[in-house]
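Asks: Would you mind keeping the following structure in view while I ask a few things?
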Amino acid sequence: MRIITPTIFACAILNAVVISAPSDELINEATARINAAVNAGLAKTKITYNVGLNDHLFVRRVYTDLAGRIPTHDEVQKFVKSMNAGKRDALIDRLLASDGFVSHNYNWIADLLRIQSQVPGTKLRTDAFSFWLKQQLKSNRPFDRMVHEMVTAKGRIWDNPATGYHLRDNGMKLDHVSYMTKAFLGTDISCAQCHDAPFHDWTQFEYYELTSFLAKMDTRENLQKRPAKPRKGKGKAAVTKKDPKSLYINRNQAREHLAKKHKIDTSNEKGQQQLRRLANRFNRAYREIVAANELVVHSNPKAVLKLPDTYEYDDAKPGQVVKPRAIFGSESKSRTTSERMRFANWLVSRNNPRFSINLGNRLWQRYLGRGAAEPLHDMPEPEYWDNPELVRTLQGTVLALNYDLRAITKAIVSSKAYLALASTSTVKLNEPYFFPGPVLRRMKAEQIWDSLLTLMVEDPFAYRRTSGKTYNDIINMMDTGAVPIPEFVKIAERYNAYKPDSELIDRNGRPVSAKLSNKSKKGSDEMMMLRDARKNRMVLARASELPQPAPQGHFLRDFGQSSRNFLVDAATLEGSVPQVMELMNGAATQILANRNSLIFQKIKAEKTPLKRAEIVFLSILSRKMTPTEQAMMVHEIKRGDAALTDLIWALLNTPEFMFIK
Amino acid sequence: MKQFAHHLHQLERREFLAGIAKLSLGVSILPEFVGDADAAAAKTTLKGTPASAKNIIFVYMAGGMPHVDTFDPKTDAEVKGQSAPLKTKTSGVQISNFLPELAKQTDKLAIIRSMSTKTGDHAGGNYLMHTAFKRRSGTSHPQIGSWAQHFLGRPSQSMPASVIVGGGNPGPGFFPPDHSPFPIGDPNKGIRDLLPKIDARTFNNRITLAKKFGRAFEERFPTGNVKAYSQFYDETVKFFDSSTVNAFDINKEPRALRERYGDSKFARGLLLARRLVEHDVRYVEVQLGGWDQMHNSLEAGQRKSTELDAPFATLLADLDAKGLLKETMVVLTTEFGRTPKISSRGGRNHFPKAFSAVLAGGGVNGGQFIGETDAKATNIKGEKFGPADLHTTIAHALGMPTEERIHGSGGRPFFVGNRGKVIKQAFS
């Protein structure tokens, strides 16, 4: 029987506590408190709420913000025509439970954690981590539990996907901690990495103290140790000592094996060249596989954190060992708990005010377009908050609803401020704002992309990314340890043949890269659509299922998807010339204006040109035409069907499509 | 095969369209300027020195250019490899015999042999040499072209202020997205790929329609970000204008000149750079990659030097002949040098301790070398220069106020050139 160490035991208890979902009453109370806080702020400045949303605006707003995409033509119609008095509340609940909400929230967290499809500097794929996060969101795991699990995770990504969090910043611990405080505490300590922060209270020493909690955490172990050379002489038989964990192999022997296997005649230049190519290919695969296996979050009990040689303040000396201490809040001094566990406990503790404030503030910003405390990643002290009561109320909401993301979101999107029209004038960052409504914001890159998808295909979730099991099974060598060279060569072959898109699969488990079948559903619009997209090298899947982040030059990147590199909150909403070009002439727009798209199928079902135009408006802008627009359309439609293609193109290129009013 | 060609086409298109790497900070530092780029220029009070250069052509040797095999040749048997010093047009200035064409242009060059950094990795060195700042979590620093757009505005409204040829898209740093360099994938194609695939009438018709249907919303929400969008639309439409397309089209250059440059992508990039500075683009970067192949062979160094030699020499001669050299500063640099000593694998490894950079035109006094390394090309004798010094020198030449503080994220102060010193010798 295994002995349960206190650490594991404590962790088990924390996770075992079943937190039941907050009741509707509790959520309603939270909304009422948020309303009261906003009301007070508005009253003080004698501002009134913007007008409330009509049904058309409401349905577009909540689909965009909760499902991460605009509603379809049918969804708009169904909602608007419904006579059910509680239809708004019901729609919010339905969207909060949808896959779209999981996908949209994943995009948010992926930005916050700067998730990339591969651990930077290595080739290790992180699909398992992304998949795990989506599962957490789907099961509505409380945010604090989710963060706690990531911060305390141990092992390799295929055994414990939550390790993907620490592995992301493999080899850069100081940076990792500064990213962590920005994402989870809304606190920027990065200046203090090199010197005492001039605009904050903390010092370089305190930064090191905080990082020191993770001093013993290591994210990599060396698996390339060569066997010690046999000692010569002394009469004893040569003994080769082998590290049982080492995956080291002799590359010369591998080369010889390759020559034999492929029957290469190395006596001539051509054969040598062929072997060189094969060996290079094998060596690269070997290096990448071993490096991927080396990534493991584990504890190195002897490791300490020292001050840099350049440390220049009087409170300590360069090179001095730093002991862990938290920069604010209260921490447990328990000696039985590991430092990392203590750190995680401190981080998510209800006594750490910035953790709960940060979440409330970040979610508020997501739906209202601006934080109650700005900037998000470096919230100032309370005296600089426009409406301190609002910040505290949001914090109270987070705590009262036990970090339940769906419940907190529901409380926010049910507030009067959220359900008002966006403000019609520029809201400057350096001026106070009291939330008479949301700030007019452009959709995020992912929202625009997922919305276009909604216009193209019936099921935007036609393709989903798996947990990367195929990949992990190929490269996981920890169960076998070092294998004989012929075996390793086979693994390398499987590794080289692996295609990441083979794990982007449809409902029948067929990968996106599979040949589109001609037999089934021959000529169906959806099939034609996917074929057209393929021709344009586009995968019609939600942004959350595509490579993380999308490659440079992809629609998503042009529209400001975060590069997930050196900055938290790096997604942008500003326009650019390449972006406009993409929307004017890009593949997505071309596909959309093609006759197989969903929007065109809808159009075909209607007979009169004006009715058809109405469909275009409802599909793209979620509203009917105004009388003025109708008059314009009557004139345009005289040109025939071409006018409809032009109309689709034109509406996609209006700010009304891109902005959330 | 057809599919392959199609794929290539797509790649180039994408590369070209490569999005602004939107690394702007959580807070845009100049929110009031977004959508009002000209105001930014007008508002800046210039405290810079009088400019000696109007344009910059930044020629970047990606991967680490070996100083010994190019601009700092040695005779020491242990380090010289297959390269040897070659007498040039300028007495007292010798460069490697791998660069025979350039040897005829040394009267235009100020060769800095005392460049030095402490950054020996490609990504870090590349970032440092392009921004003058060390890469750090939490900040994205702009490149010189973006700094210049901030301080000096855009020279032309129908052309981008800076262009980067074949080098991806570094983004605008902490400036607004419209300060990002404009990325060009294939210099042979210019921006033709971006042109609408539909006839001009349909295109114009759609634009008109979009404007009509957009008006009500724009009137209801006259906010800065909405205005910025319509501005980007207007600007993009201008890019489709024939004069802009023409400026990006190197096929308009005489065939003889095109042949003199050569037909490599690098050579075509240099020709495009010259054409662009002629058409009011202030800053153009052209990259020659592949220097890192030197790890395993000295031949790779020679091959790369040859790829550099004739096109670069032609650029200098061409700029001079057109009278553009006076106002155009050409900068050639790299992330680091390569080890003078030949490695066990018969190549040269990364060597940030000492390497070379080259300046020409735009007020630079040619026919000289600045700083020197010892006989083994390993240690710098006397004063060293770093990326901050190089960037401050460029900023100085353009007349930018190197002492003016810009506030980035969290109020952190930044200076163009990162407070380096002007390499004064270059101008005297």
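Asks: Can you tell which of A:T454, A:T426 is farther than 28 Å from A:N160 by Cβ and within 14 Å of chain B (Cβ to nearest Cβ)?
Replies: None of the other options fit; the residue is A:T426.
Asks: Specify the residue that is surrounded by the most Cβ atoms within 10 Å (Cβ to Cβ); the eligible residues are those in the stretch A:73-112 that are among the β-branched types (V, I, T) and within 25 Å of A:R141 (Cα to Cα).
Replies: A:V102
Asks: Could you identify the single residue in B:S230, B:S180, B:S158, B:S162 that is closer than 17 Å to A:V580 by Cβ and surrounded by 21 or more Cβ atoms within 10 Å (Cβ to Cβ)? First the steps, then the outcome.
Replies: Working: B:S230 fails: surrounded by 21 or more Cβ atoms within 10 Å (Cβ to Cβ); B:S158 fails: surrounded by 21 or more Cβ atoms within 10 Å (Cβ to Cβ); B:S162 fails: closer than 17 Å to A:V580 by Cβ.
Going through B:S230, B:S180, B:S158, B:S162 in turn, just one is closer than 17 Å to A:V580 by Cβ and surrounded by 21 or more Cβ atoms within 10 Å (Cβ to Cβ): B:S180.
Asks: Next question. Can you find even one residue in the stretch B:168-176 that is in contact with a strand residue (DSSP E or B) (Cβ under 9 Å, 6 or more places away or on another chain), modelled with pLDDT under 90, small (G, A, S) and in the same structural domain as B:R274 (by TED's automatic domain parsing)?
Replies: yes
Asks: Give the stretch B:327-367 a look and list any residue that's touching a Phe, Trp or Tyr at 6+ places or on another chain (Cβ under 9 Å), in contact (Cβ under 8 Å) with a residue 24 or more places away in the chain and β-branched (V, I, T), or say none.
Replies: B:V330, B:V331, B:T333, B:T334, B:V358, B:V364
Asks: Let me ask another. Going through A:R442, A:R406 one at a time, which residue ends up being of a type in the set (K, R), in contact with a strand residue (DSSP E or B) (Cβ under 6 Å, 6 or more places away or on another chain) and in contact (Cβ under 8 Å) with a residue 40 or more places away in the chain?
Replies: Working: A:R406 fails: in contact with a strand residue (DSSP E or B) (Cβ under 6 Å, 6 or more places away or on another chain).
None of the other options fit; the residue is A:R442.
Asks: Scan the stretch B:313-360 for residues that are of a type in the set (K, R) and surrounded by 22 or more Cβ atoms within 10 Å (Cβ to Cβ) and report the count.
Replies: The total comes to 2.
Asks: So which residues in the stretch A:63-90 are within 25 Å of the chain's Cα centre (by Cα) and part of a helix (DSSP H, G or I), if there are any at all?
Replies: Within the stretch A:63-90, A:Y63, A:T64, A:D65, A:L66, A:A67 qualify.
Asks: Kindly provide the set of residues from the stretch A:449-470 that are under 16 Å from the mean Cα position of the chain (by Cα) and of a type in the set (V, I, T), ordered by number.
Replies: Passing the criteria: only A:T466.
Asks: (1) assigned to a helix (DSSP H, G or I); (2) surrounded by fewer than 24 Cβ atoms within 10 Å (Cβ to Cβ); (3) within 18 Å of the chain's Cα centre (by Cα): which one isn't true of B:D107, the others all being true?
Replies: In the conditions (1) assigned to a helix (DSSP H, G or I); (2) surrounded by fewer than 24 Cβ atoms within 10 Å (Cβ to Cβ); (3) within 18 Å of the chain's Cα centre (by Cα), B:D107 misses (3) alone.
Asks: Just checking, which of A:I47, A:I70, A:I115, A:I27 is farther than 30 Å from A:M150 by Cα and surrounded by 21 or more Cβ atoms within 10 Å (Cβ to Cβ)?
Replies: On inspection, the qualifying residue turns out to be A:I70.
Here is a yes/no grid of residues against (1) farther than 30 Å from A:P500 by Cα; (2) within 12 Å of another protein chain (Cβ to nearest Cβ):
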| position | (1), (2) |
| --- | --- |
| A:T572 | no, yes |
| A:A605 | yes, no |
| A:L610 | yes, no |
| A:R623 | yes, yes |
| A:T628 | yes, yes |
| A:H635 | yes, yes |
| A:T645 | yes, yes |
| A:F657 | yes, yes |
| A:I660 | yes, yes |
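Asks: So, A:A650, is that one at the interface with chain B (Cβ under 8 Å from one of its Cβ atoms), buried (at least 22 other Cβ atoms within 10 Å of the Cβ), modelled with pLDDT of 90 or more and assigned to a helix (DSSP H, G or I) or not?
Replies: The answer is yes for A:A650.
Asks: Would you pick out the residues in the stretch A:537-562 that are modelled with pLDDT under 85 and within 7 Å of chain B (Cβ to nearest Cβ)?
Replies: Hits for the stretch A:537-562 are A:R537, A:Q552, A:G553, A:D558.
Asks: Shifting gears a bit: Every residue in the stretch A:453-472 that is part of a helix (DSSP H, G or I) and either at pLDDT below 90 or out of contact with any Lys or Arg (no Cβ under 9 Å at 6 or more places or on another chain) (or both), please.
Replies: Result: A:L455, A:M456, A:K469, A:T470.
Asks: Of all residues in the stretch A:477-497, how many are surrounded by fewer than 17 Cβ atoms within 10 Å (Cβ to Cβ), closer than 16 Å to A:A291 by Cβ and at pLDDT 95 or above?
Replies: Matching residues across the stretch A:477-497 total 1.
Asks: Does A:P432 satisfy being surrounded by fewer than 23 Cβ atoms within 10 Å (Cβ to Cβ), part of a loop (DSSP other than H, G, I, E, B) and in contact with a helix residue (DSSP H, G or I) (Cβ under 8 Å, 6 or more places away or on another chain)?
Replies: No: the conditions fail for A:P432.
Asks: On the given criteria, is B:F213 within 11 Å of chain A (Cβ to nearest Cβ), of a type in the set (F, W, Y) and in contact with a strand residue (DSSP E or B) (Cβ under 7 Å, 6 or more places away or on another chain)? If you could, list the steps in order and put the result at the bottom.
Replies: On the way: within 11 Å of chain A (Cβ to nearest Cβ): yes; of a type in the set (F, W, Y): yes; in contact with a strand residue (DSSP E or B) (Cβ under 7 Å, 6 or more places away or on another chain): no.
Criteria not met by B:F213.
Asks: Taking the stretch B:196-205 as the search range and keeping residues that are under 36 Å from the mean Cα position of the chain (by Cα) and assigned to a helix (DSSP H, G or I), which one is nearest to the other protein chains (Cβ to nearest Cβ)? Let's see the steps before the verdict.
Replies: So in the stretch B:196-205, the residues under 36 Å from the mean Cα position of the chain (by Cα) come out as B:196-200, B:203-204.
Checking the rest, the ones that are also assigned to a helix (DSSP H, G or I) come to B:200, B:203-204.
Details: B:A200: 13, B:F203: 8, B:N204: 11 Å.
Filtering the stretch B:196-205 for residues that are under 36 Å from the mean Cα position of the chain (by Cα) and assigned to a helix (DSSP H, G or I), the one nearest to the other protein chains (Cβ to nearest Cβ) comes out as B:F203.
The values are calculated or read from the model by the stated rules, or taken from the named source; none is laboratory data. Given the structure is predicted, the values throughout are model-derived calculations rather than measurements. Cβ coordinates were reconstructed from backbone atoms using ideal geometry, including for glycine residues, and neighbour counts include every protein chain displayed.
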